[in-house]
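Chemist: I'd like to ask you about the structure that follows.
The values are calculated or read from the model by the stated rules, or taken from the named source; none is laboratory data. All values reported here derive from a predicted model rather than from experimental measurement. Cβ: placed from backbone, ideal geometry, glycine included. Neighbour counts: every protein chain shown. With ligands, DNA and RNA removed, areas are computed over all heavy atoms of the protein, side chains included. Shrake-Rupley method; radii C 1.70, N 1.55, O 1.52, S 1.80 Å.
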Amino acid sequence: MKETVPGRAGSSVWGRLLRQLAFVLALPVVLVAVWWVTSAGSQDVYWPPLRTIVEAFPDVWTAERWSGDVLPSVLRLAAGVALAAVVGIALGTVIGSYRRVRAVCEPVLEFLRAVPPPVLVPVIMLFAGIGDTMKIVVIASGCVWPILLNTVEGVRAVDSVMSETARSYGITGVARLRDLVLPSASPQIFAGLRQALSIGIILMVISEMFAASNGLGFTIVQFQRSFAIPDMWTGILLLGLLGFALSVLFQLAERRVLAWYHGLRDATRGSS
């Protein structure tokens with residue numbers, strides 16, 4: 001029987017983590033290097049060198065601008081996605097649980113889903129005004145669909161044997177919803193939430209381009225209108241970094257909530 005040497009086990013873990021980190025960062029590093037080299041001698045006003053953009057970044061995104069533009073955008077995004085999650089999961093659970101409700105609602109849902117959320121901005125402005133409410137509603141109106149549809153499919157895919165077992169043991173109502181339906185549908189619900197997050201970032205920027213006084217979208221447009229092109233590019237880079245950071249945080253939360261699911265899937269792969 002072999003004995004595991006603690007030092008070797010620790011070094012193997014660190015080696016695996018370093019390999020994974022190198023694998024994740026390889027493509028971004030290559031792309032940044034290509035951008036840096038190809039734009040180094042650029043004289044184009046609209047395509048400044050990456051070095052100029054990087055040097056302008058700390059001067060543009062000061063603490064005041066972070067609190068005045070970035071934080072409001074993130075709060076609107078969080079509120080919009082949270083509202084979409086509540087509405088999407090609630091409606092998706094009802095629609096997925098009852099066949100007749102699904103048959104009645106499906107044509108209307110397909111129609112509404114086909115309407116691009118940016119087109120609804122002028123309509124939403126009529127009843128929600130031009131404040132934060134309008135922006136949150138715009139974000140929620142686009143984020144709700146992937147959450148809703150994934151929830152419907154997740155609820156429909158609940159194992160029939162487990163459903164019959166729960167019914168035979170008298171597990172109904174809220175207990176069935178809490179202990180069977182939502183846990184079984186949670187992997188697909190989180191898939192919808194992941195899609196909604198990326199859509200929400202896009203709609204956050206679009207909503208802030210209409211009658212806004214702060215936010216990332218407003219600031220980037222102001223830079224573009226004043227021909228502060230390097231500053232405009234710093235805003236685009238910041239949006240990318242923000243999206244990446246939110247994606248990482250979401251993955252960590254998903255891993256924690258769905259630990260049972262990922263463990264079961266890894267065990268199934270290992271046995272096969």
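Chemist: Among the helices (runs of 4 or more DSSP H) lying completely within region 33-150, list those that include at least 2 residues that are open to solvent by 60 Å² or more (accessible area, probe 1.4 Å) and not aliphatic (A, V, I, L, M).
Modeler: Numbers: elements: 50-60, 71-97, 99-113, 121-128.
Ranges flagged: 50-60, 99-113, 121-128.
Chemist: Going through region 144-185 one residue at a time, which ones are more than 22 Å from GLY200 (Cα to Cα) and hydroxyl-bearing (Ser, Thr, Tyr)?
Modeler: Across region 144-185, the qualifying residues are SER160, SER163, THR165, SER168, TYR169, THR172, SER184.
Chemist: Checking the structure you have, find out if any residue of region 85-92 is closer than 30 Å to ARG156 by Cβ and not aliphatic (A, V, I, L, M).
Modeler: To start, the set of residues in region 85-92 that are closer than 30 Å to ARG156 by Cβ comprises 85-92.
Next, only the ones that are not aliphatic (A, V, I, L, M) stay: 88, 92.
Yes, region 85-92 contains a residue that is closer than 30 Å to ARG156 by Cβ and not aliphatic (A, V, I, L, M).
Chemist: A follow-up question, please. What are the pairs with Cβ atoms under 6 angstrom where one residue, in region 163-179, is over 16 Å from VAL94 (Cα atoms) and the other, located anywhere, is surrounded by 11 or more Cβ atoms within 10 Å (Cβ to Cβ)? Sequence gap at least six, or different chains.
Modeler: Once the first residue is over 16 Å from VAL94 (Cα atoms) and sits in region 163-179, its partners that are surrounded by 11 or more Cβ atoms within 10 Å (Cβ to Cβ) give ALA166/ARG176; ALA166/LEU180.
Chemist: Can you tell which of ALA103, ALA128, ALA82 is out of contact with any Ser or Thr (no Cβ under 9 Å at 6 or more places or on another chain) and closer than 25 Å to GLY243 by Cβ? Break it down stepwise before answering.
Modeler: Details: ALA103 fails: closer than 25 Å to GLY243 by Cβ; ALA128 fails: closer than 25 Å to GLY243 by Cβ.
None of the others qualify; the one that does is ALA82.
Chemist: With the checklist (1) under 26 Å from the mean Cα position of the chain (by Cα); (2) open to solvent by 30 Å² or more (accessible area, probe 1.4 Å); (3) under 30 Å from GLY131 (Cα atoms) in hand, flag the one item LEU177 doesn't pass.
Modeler: (3)
Chemist: The conditions are (1) surrounded by fewer than 24 Cβ atoms within 10 Å (Cβ to Cβ); (2) in a helix (DSSP H, G or I), and GLY154 fails exactly one of them. Which is it?
Modeler: (1)
Chemist: Moving on. Check region 244-261 and report whether any residue there is surrounded by fewer than 11 Cβ atoms within 10 Å (Cβ to Cβ), basic (Lys, Arg) and assigned to a helix (DSSP H, G or I).
Modeler: yes
Chemist: Could I ask something else about it? If you go through region 207-229 one residue at a time, how many are in a helix (DSSP H, G or I) and open to solvent by 40 Å² or more (accessible area, probe 1.4 Å)?
Modeler: As a first pass, look at region 207-229 and keep what is in a helix (DSSP H, G or I): 207, 216-225, 229.
The next check asks that each one be open to solvent by 40 Å² or more (accessible area, probe 1.4 Å); those that pass are 218, 222, 224-225.
Residues meeting the conditions: 4.
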